[in-house]
Amino acid sequence: MKAHTKAAFALALSLAFTTAHADLTVGVSLALTGPGASLGLPARNALALWPETIAGEKVRFVVLDDAADPTIAMKNARRFIEEKVDVIVGASNTPAAIAIAQVADEGQTVQIAPSPAELQPGRDKWVFRDVMHADYYTEGVLLAMKAAGVKTLGFLGLSDAYGESHLVALDRQAAGLGIKVVAVERFTRADTSVAGQALKISAARPDAVFVVAVGGGAALPQKALKDRGYRGKIYHTAASLTPDFIRLAGKDADGAFVMSGPEQVAEQLPDSHPGRKLALEFVQAYEGKYGAKTRTQFSAHIYDIGIMLQQVVPLALKHGKTGTAEFRSALRDALENSGAAGGIATTKGVLRYTPSDHWGYGPDARVMVTWRAGDWHIAQP
C-alpha cells in the first residue's frame with residue numbers, strides 16, 4: 001500500500017471512530033424474518049419516526065435480524081457490546097429479549113425491551129420493559145371475563161417463557177375472581193396444528209378460552225377451536241393483535257377478544273385517557289408513512305422508546321459523553337428515576353420506572369378490544 005493511500009486509510013478510520021462516538025448509537029435486534037416477522041417488521045418501521053438527533057446527538061442505528069431465535073439474539077447483543085452502543089432495543093419476542101438481557105447485564109448497557117421479558121430478581125438492573133407486566137395483561141383479561149359472566153376457563157398457550165408468564169399470572173389470580181381453570185394445553189411456535197389440544201379444551205366445555213400466542217401463530221388456536229365447534233368466548237394476549245392474525249384467521253377472527261395497548265384504538269379512547277394525545281400523534285405519523293390501518297402496538301412500542309430517550313438522554317449527557325461507560329450508567333439511572341420525576345408520557349399512558357420497578361406501566365396501558373366488521377373496536381362489558 002502506498003504511503004499516501006495508507007495515510008488516507010488511517011484518516012478515514014480516525015474520522016469513522018470520531019463520528020461513531022459523536023453519535024447516540026442504538027443497537028436494535030428484532031425478528032425481521034421467520035414467523036416472528038409480523039412483530040419485528042412493524043417495529044423496525046417505527047425507527048423511521050424517531051428524530052434524527054436527540055439532545056444534539058445524531059441518532060445512529062445498528063439493526064440486526066434475530067429471526068426470533070434466542071441464540072442469534074444473544075450473538076447480536078454481544079456485537080452491540082463490542083461496538084459500545086449506548087442502548088440496546090430488543091427483542092420483539094420474549095425468549096430472545098431474555099437472551100439479550102443476560103448480555104446487557106454483563107456488558108452494563110441499558111436494554112429497553114419491547115416485549116414482556118420476565119427475569120430473576122436482581123437480573124434486570126440494566127433492563128427496562130416498554131410493555132406491561134403479564135400480571136396486568138392477565139388481570140385485564142380476567143376482569144373482562146368476570147364482567148361477561150365467565151365461570152370456567154381453558155388455557156391454550158405457548159410452552160415458552162411468554163406462555164409461562166401468563167399461565168403463572170392466571171394461576172395466581174383466577175380463583176380470586178371466581179374463575180376456575182378446567183383445562184390447560186400447550187403448544188410450540190413451530191407447531192403447524194393444535195387440533196388435539198383444541199379438542200381437549202373443547203371437551204372440557206369451558207365458558208371461555210385464554211389463548212397465549214404470537215402474531216399469525218395465534219390464528220392457529222383461534223381457527224382450531226372454531227373448527228371443533230367451540231362456541232364460547234376466546235380471549236387473547238396483546239401479541240395476537242397483528243395483521244397476520246386477521247389474515248390467517250379469516251372469518252374465524254370475528255368476535256376474538258384481545259387485551260391490547262391503547263394505541264390500536266387511539267381514536268376510540270376517551271379524552272381523559274393519559275395516552276390518547278400521543279397515541280393519535282403516533283397513528284397519524286405511522287399511517288401517514290405506511291398507509292391506513294398499518295398501525296400495530298409493536299410499532300408503537302418502538303415509537304415510545306424514541307420518546308423515552310428524548311427525555312432521559314439530556315440528563316445522561318450531564319454525566320458523560322455518548323459511547324462511554326459513564327453515559328451508559330447515567331442513562332440507566334435517568335430511566336430508573338423517571339418515575340420520581342413525574343414519569344414519561346407515551347402512547348400508552350404514563351411510564352413510571354423506579355428502582356424496584358423496571359416495568360413502569362399500570363392498568364391504564366391496557367384496553368380490551370374485539371374484531372368485528374373488519375376493524376378493532378373497544379369491547380364493552
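Computed values, structure above
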item	result
Extension gain, D375 back to E83 (0.36 nm per residue minus Cα-Cα distance, nm)	100.8 nm
Charge tally in the Cβ shell below 12 Å around S260, where Lys, Arg are +1 and Asp, Glu are -1, S260 excluded	+2
Value of relative contact order over the chain, rounded to a whole percent, pairs C-alpha under 8 Å and six or more apart	17
Size of electric dipole in the chain: Cβ of Lys, Arg +1 and of Asp, Glu -1, about Cα centre, debye, nearest 20	500
Within a Gaussian network of the chain (alpha carbon springs, distance under 10 Å), most fluctuating of A183, A238, A77	A183
Over region 212-313: Rg over Rh, Cα atoms, Kirkwood Rh	1.04
With Cα atoms, 0 to 90° folded angle of helix 3-22 axis to the chain main axis	50
All-pairs Cα distance distribution in region 242-381, expressed in whole percent, bin size 5 Å	2, 10, 17, 18, 17, 13, 10, 7, 4, 2, 1, 0
The chain: angle of helix 161-173 to the longest principal axis, Cα-based, in degrees nearest 10	50
Angle in degrees between helix 134-147 and the longest Cα principal axis of the chain, rounded to the nearest 10	30
Directionally averaged projected area (convex hull, Cα atoms, region 305-357), nm²	3.6
Cα point-scatterer Debye curve for region 79-207, base-10 log of I(q)/I(0) at q = 0.13, 0.20 Å⁻¹	-0.64, -1.09
Positive-end residue of V258, G122, V209, charge dipole of the chain with Cβ unit charges	V209
Gain in span if fully extended, T188 to S272, counting 0.36 nm per residue against the direct Cα distance	26.2 nm
Within region 251-357: Cβ-based charge dipole about Cα centre, in debye rounded to nearest 20 (Lys, Arg +1; Asp, Glu -1)	280
Neighbourhood net charge (11 Å Cβ-Cβ; Lys/Arg +1, Asp/Glu -1) for L142	0
GNM top mover of T354, T237, T296 - the chain, alpha-carbon springs below 10 Å	T354
Net charge of Cβ neighbours under 14 Å - reference G163; Lys, Arg +1; Asp, Glu -1	-4
Dipole magnitude of region 20-166, debye to nearest 20 (Cβ charges: Lys/Arg +1, Asp/Glu -1, about Cα centre)	180
Dipole of the chain, positive direction: furthest Cα of Y353, Q173, P35, with charges on the beta-carbon	P35
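Every number in this text was worked out from the coordinates using simple rules, so none of it is lab data. Bear in mind that the values here come from a model prediction, so they are computed numbers and not experimental data. Counting neighbours? That spans all protein chains shown, and the Cβs are built from the backbone with ideal geometry, glycine included.
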